[in-house]
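The values are calculated or read from the model by the stated rules, or taken from the named source; none is laboratory data. Fair warning: this is a prediction, and the values are worked out from it, not measured in the lab. A quick note on method: Cβ atoms are made from the backbone with ideal geometry, for glycine too, and the neighbour counts reach across all protein chains shown. When the accessible area is computed, the model is the full protein with side chains, heavy atoms only, and any ligands, DNA or RNA have been set aside. Shrake-Rupley method; radii C 1.70, N 1.55, O 1.52, S 1.80 Å.
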Amino acid sequence: MSDPHRHHRHDHHRDGHHHAHPGPSPSAARWRRWAHRLAHRLAPHSHESADKLDPALESSARGLRALWVSLAVLGATALAQAAVVVVSGSVALLGDTVHNTADALTAVPLGIAFVLGRRAATRRFTYGYGRAEDLAGVAIVLTITASAVFAAWTAVDRLLDPRPVAHVPAVAVAALVGFVGNEWVARHRIGVGREIGSAALVADGLHARTDGYTSLAVLLGAGGAALGWQLADPVVGLAITAAIVLVLRDAAREVFRRLMDAVDPALVDRAERVLDGVPGVRGVGELRLRWIGHRLRAEVALVVDGGATVREAHRIAVAAEHALLHAVPRLTAALVHADPAPSPGEADPHLAIAHHA
């Protein structure tokens, strides 16, 4: 049998899940259609190309809303702190204000990435522009790194050259405002980022959390200064710098995994179990999942009956993709390849391309 699904992509706007092949009686066919419609009403979804695009655009829109809301919150926080900096002359609070401003500005590359990700694929960028989010994630990791370096430099400078802090209560209140604002933004970004599968937005939320830690350093330093210990601010600042480095490690690991097409092994296990349960599938060969922005794509090779007709193999492949789209969250497309089960004495059907492996 010829290989009917080599590099085959199922277009459901054309197939519509209905394929002409010999099968059940008209009454049985009507029963199947009725059951299929009922199942779709109980678990509404669609695999039409246009319908697939809407959730993708909606997830990008949610990401953009999260960015603009957090930008407004951090901007207001930075302005409030800047006013206290002018009055108190606190260098530590100045550093925290700079951190908050930088964190707010990380919304720019990530916002650009979300806008790019909504563009349609082209003949040059055949997978679309979703990977722009990964590039934005790299920019965010670099920004966190710069924040950690700046925090360490400020703490060491204050340690070597201690200075009194004026208007300590105002500085403490501003530091608390900075922590609350950053922590709210961190929770919002991380929550939305995990819901839509955006590693870059999660990393940006972790960055906001690092700036919240920096605000706590200013608060604790101000408390120590109020007690007469001038070295309190730089000592606590060094401790918080270490915490920032730990958060940086987590953010860098998340972005690195996304750049390397890493996925949760549990998703692979789930996909294999689902495919094994599809009628007509005799085995699951190669299975690959990869992120493109905050959406997943799959490539899978199935083993089917070597005597199956082209239509039967196609029906099995469509059923396999259908099952995957239901079972794997944020999966938008699957490339299914059907291999005939080997027969005794039959040559390997892939022998002609074996030397390319």
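Would the range 104-220 count as rounded, prolate or oblate if I go by the C-alpha gyration tensor, calling it rounded below 1.5 in a/c and otherwise prolate when a/b exceeds b/c, oblate otherwise?
prolate
Fully extending the segment from Ala76 to Trp153, taken as 0.36 nm per residue of separation minus the present Cα-Cα distance, adds 25.1 nm. The share of accessible area on the range 254-297 that comes from carbon and sulfur is 47 percent, using a 1.4 angstrom probe. The mean accessible area for residues of the range 90-209, using a 1.4 Å probe and ignoring ligands and nucleic acids, is 45 Å² per residue.
Ligands, DNA and RNA aside, Asp261 has an accessible area near 50 Å² when probed at 1.4 Å.
With a ≥ b ≥ c taken as the square roots of the eigenvalues of the C-alpha gyration tensor of the range 230-357, please select rounded if a/c is under 1.5 and otherwise prolate if a/b is larger than b/c or oblate if it is not?
prolate
In this label model, Val69 and Ala352 are separated by 5.5 nm, measuring between points 7 Å along each Cα→Cβ vector. Per-atom-type breakdown for the range 149-212 gives carbon and sulfur 71% of the accessible area (1.4 Å probe, protein chains only). Taking 7 Å steps out from each Cα toward its Cβ at Glu272 and Gln230 produces label points 6.4 nm apart.
Accessible surface calculations at 1.4 Å, restricted to protein heavy atoms, place the range 212-357 at 50 Å² per residue. For the pair Ile112 and Arg163 in one chain, pulling the backbone fully straight at 0.36 nm per residue adds 14.2 nm over the alpha carbon distance.
Excluding Trp291 itself, calculate the net charge of residues whose Cβ lies under 10 Å from the Cβ of Trp291, where each Lys or Arg counts +1 and each Asp or Glu counts -1.
Working: positive: Arg131, Arg257, Arg258, Arg290, Arg295, Arg297, Arg330; negative: Glu133, Asp134, Asp261.
Spelling it out: positives minus negatives among the neighbours equals +4.
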